[in-house]
């Protein structure tokens, strides 16, 4: 442990418990979802950090099954919202309805809660609904509350939004603006399974019943683990590295790397620095370690930065993706002093 950093005995016990809980969740989710270890770990990291996730993958890769299985393993209330072009903001947040008292005949407004009032909310194909409806999630994601008709209703913690996007079918879609993308802590890409994994999927999903998932941790315990992640101490060198990495994505910065100046139109904002540090803390906690390292920052860099940088035309012409740019930045960062 770095000099000058102390961790309470109780927190060390909780860190050990966090690693055990994470492994049990992986096993429970693995009863239904084959492979996707990196995605499951990314979801656990975001959950521990009290953030939100954007899942990107083609149809049929078990995104909904993965999220619902995770909610069951956490014993949390799960709601799925299918985003469509005709979806209205009140279909997400809820609305006020007139209710008549049959005894007195008096009428009054009563708020009917929408599906956003859950612990785990799957916003399926979020880019298929217009910006006005997409924006209905903004206050909920940032402030953990919903305002309807001038009245603010808090959302019960823990609150976790997972939005999905199909990367290949873009007809009739409304791309999320950068300001809303920035609200998601991580962007996780779900890839095709290997042949062996796909054979396992075909075998499991054609059986009579899906395996039962047992709850691993209560909501109260999960909240305690989220607070623990915030208490994890971080060495100044790790914070400095995370901030420098985020700033290295901005072409207007002095000393910006050549790959940034050549291929990036807009870089990541300060929220990226925060999430790199917080993601590194969660990564350490997931292993049961008391202090994050530079490698922990690097391990979450793609998740944090990929949806926050905007490649320019030259990057597209040269076939350089956002993740490819991040690869180059990480190579460059290993030479920093």
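Of note:
- Residues that are more than 9 Å from residue 259 (Cβ to Cβ) and either touching a residue at least 12 places away in the same chain (Cβ under 8 Å) or not in a helix (DSSP H, G or I) (or both), drawn from the stretch 314-326: 314, 315, 318, 319, 321, 322, 323, 326
- Screening 273, 240, 299 for residues that are assigned to a helix (DSSP H, G or I) and over 24 Å from residue 183 (Cβ atoms) leaves exactly one candidate, 240.
- Count - residues of the stretch 56-111 that are in a strand (DSSP E or B), under 24 Å from residue 211 (Cα atoms) and in contact (Cβ under 8 Å) with a residue 60 or more places away in the chain: 0
- Qualifying residue in the stretch 194-208 (condition: touching a residue at least 40 places away in the same chain (Cβ under 8 Å), farther than 18 Å from residue 137 by Cβ and under 18 Å from the mean Cα position of the chain (by Cα)): no
- Selection from the stretch 140-159 of residues that are under 20 Å from residue 68 (Cα atoms) and not in a helix (DSSP H, G or I): 155, 156, 157, 158, 159
- In the stretch 118-139, the residue that is farthest from residue 82 (Cα to Cα) out of those that are in contact with a strand residue (DSSP E or B) (Cβ under 7 Å, 6 or more places away or on another chain) and in a loop (DSSP other than H, G, I, E, B) is 119.
- Residues of the stretch 179-196 satisfying the condition of being surrounded by 14 or more Cβ atoms within 10 Å (Cβ to Cβ) and either part of a helix (DSSP H, G or I) or modelled with pLDDT under 80 (or both): 180, 181, 193
- Matching residues, the stretch 120-155, being over 20 Å from the mean Cα position of the chain (by Cα) and farther than 20 Å from residue 173 by Cβ: 147, 148, 149, 150, 151, 152, 153, 154
The values are calculated or read from the model by the stated rules, or taken from the named source; none is laboratory data. Small disclaimer: the values here were computed from a predicted structure and weren't measured. All Cβ positions, glycine included, derive from the backbone under ideal geometry; neighbour counts span all protein chains shown.
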